[in-house]
Amino acid sequence: MKMNRLFHHGIRGGLALALSVLLLWALPAAAETLRVTPEWLNDHLQQPDLVLIDARAPADYAAGHLPGAVNLPELATYRDRGRDGRIVEPPVMQKLLRELGVRPDATLIVYDDGSLLSSARVFWTLEVYGLKNVRLLDKGFAGWQARDFPVATDTTKPARSDYVAEVDPTRIATRFTTQLAITDPAQQLIDARSPGAYAGKVSKAKRFGHIPSAINIPVHENLAQAPDGSALRNLDELAQIYAEVPKERNLVLYCDIGRVSAVNYLALRELGYQVANYDASWLEWGNDSGLPIVGP
């Protein structure tokens, strides 16, 4: 079974990863939409190549979900969410996705309660694990319910797949690769936390501040809020938000646990940037006194 050694944080493993990322990163792709609307999904619900993935907690899934959806809770994407945001190991994710019937040739549509935070984290995780046709449902379950579209309560039991976990190293950053990005003019760090966290006024880690060279683009700037759920802003609006970020740079995102930064990841993927999300994020960096920070 082919398993990527991405998660080793030793110098040799980190250097190998950094070199592979530099080789794999290419010119920016063209902008494209990576989400669907509730209306579109309702019209295509019977399409055989669709796999609907509910990123909410199991109890929420059991209370009602999109017909045919399988449950991959956001919490399942972490090794230990109480510690930091490190992504779940390849053997665990392979087992999960096989049980959920996820196939590489399927179109995966991820949704959550409507905040987009959980679905974005799952979206990013699926892309890290090599799945190419992943989409996100704007407005999530809240938007689906607001339109009186059908809801199911039975547990979907799909046929087991033969998915094999392969990590895409261009989609994930580590402590080591983030250190390299600080002084690399071809890369740009983006902090998706609040302005207060970026400035060092508040922190979920022992230390206060941000990673050197990072700019601050808070997650909420990417979202348009509505009573029926959040939606990612349209491409023109997103382009304005990131207008000062050069398209030729490779981007590294972080927040506290690689969760809200996954929304920025989705936005930047739509805009055609080459972007990676630092999974352990500030809870790792801010708690390691050996790593540099810009303090208040």
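Residues being of a type in the set (Ser, Thr, Tyr), within 18 Å of the chain's Cα centre (by Cα) and under 25 Å from GLY85 (Cβ atoms) are entirely absent from region 180-190.
Matching residues to (1) in contact (Cβ under 8 Å) with a residue 60 or more places away in the chain; (2) over 30 Å from TRP285 (Cα atoms); (3) in the same structural domain as ALA173 (by TED's automatic domain parsing):
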position	(1), (2), (3)
VAL36	yes, yes, no
GLU39	yes, yes, no
ALA63	yes, yes, no
LEU66	yes, yes, no
ALA69	yes, yes, no
LEU75	no, no, no
TYR78	yes, no, no
ARG81	yes, no, no
ASP84	yes, no, no
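Tally time: how many residues in region 195-233 are assigned to a helix (DSSP H, G or I) and over 15 Å from LEU268 (Cβ atoms)? Selection size over region 195-233: 6. Scanning region 261-291 for residues that are hydroxyl-bearing (Ser, Thr, Tyr) and outside any loop (DSSP other than H, G, I, E, B), we see that the one that is farthest from ARG86 (Cα to Cα) is TYR265.
The residue pairs whose first member lies in region 242-260 and is under 17 Å from PRO212 (Cβ atoms) and aromatic (Phe, Trp, Tyr), whose second member is modelled with pLDDT of 95 or more and assigned to a loop (DSSP other than H, G, I, E, B), and whose beta carbons are closer than 9 Å, counting only pairs six or more residues apart or on different chains, are TYR254/ALA192; TYR254/ARG193; TYR254/ILE211; TYR254/ALA214; TYR254/ASP279; TYR254/ALA280. Going by the conditions given, is LEU238 buried (at least 18 other Cβ atoms within 10 Å of the Cβ), more than 20 Å from LEU136 (Cα to Cα), modelled with pLDDT of 95 or more and of a type in the set (A, V, I, L, M)? Judged against the criteria, LEU238 is not a match.
When ASP113, ASP54 are checked against the criterion of being within 17 Å of the chain's Cα centre (by Cα), modelled with pLDDT of 95 or more and farther than 24 Å from GLY130 by Cβ, ASP113 stands alone in meeting it. Which of the following residues is farther than 19 Å from ARG135 by Cβ and in a loop (DSSP other than H, G, I, E, B): ASP236, ASP256? Going through ASP236, ASP256 in turn, the sole match is ASP256.
Taken over region 188-217, residues that are under 20 Å from GLU244 (Cβ atoms) and surrounded by fewer than 18 Cβ atoms within 10 Å (Cβ to Cβ) amount to 7. Scan region 175-211 for residues that are more than 14 Å from ASN250 (Cα to Cα) and among the hydroxyl-bearing types (Ser, Thr, Tyr) and the total you get is 3. Residue-level analysis places PHE149 outside the set of residues that are aromatic (Phe, Trp, Tyr), within 21 Å of the chain's Cα centre (by Cα) and either within 28 Å of HIS220 (Cα to Cα) or not assigned by TED's automatic domain parsing to the domain that holds ASN71 (or both).
Quick check on my filter: what residues within region 75-131 are farther than 17 Å from ASP279 by Cβ, surrounded by 22 or more Cβ atoms within 10 Å (Cβ to Cβ) and in contact with a Lys or Arg (Cβ under 6 Å, 6 or more places away or on another chain)? Result: ILE109, ASP112, GLY114.
For region 239-253, residues that are among the polar types (S, T, N, Q), out of contact with any helix residue (DSSP H, G or I) (no Cβ under 9 Å at 6 or more places or on another chain) and not in a helix (DSSP H, G or I) total 0.
The values are calculated or read from the model by the stated rules, or taken from the named source; none is laboratory data. Treat the numbers as computed from the prediction; the structure is a model and nothing was measured. Backbone-built Cβ (ideal geometry, glycine too); neighbour counts: all protein chains shown.
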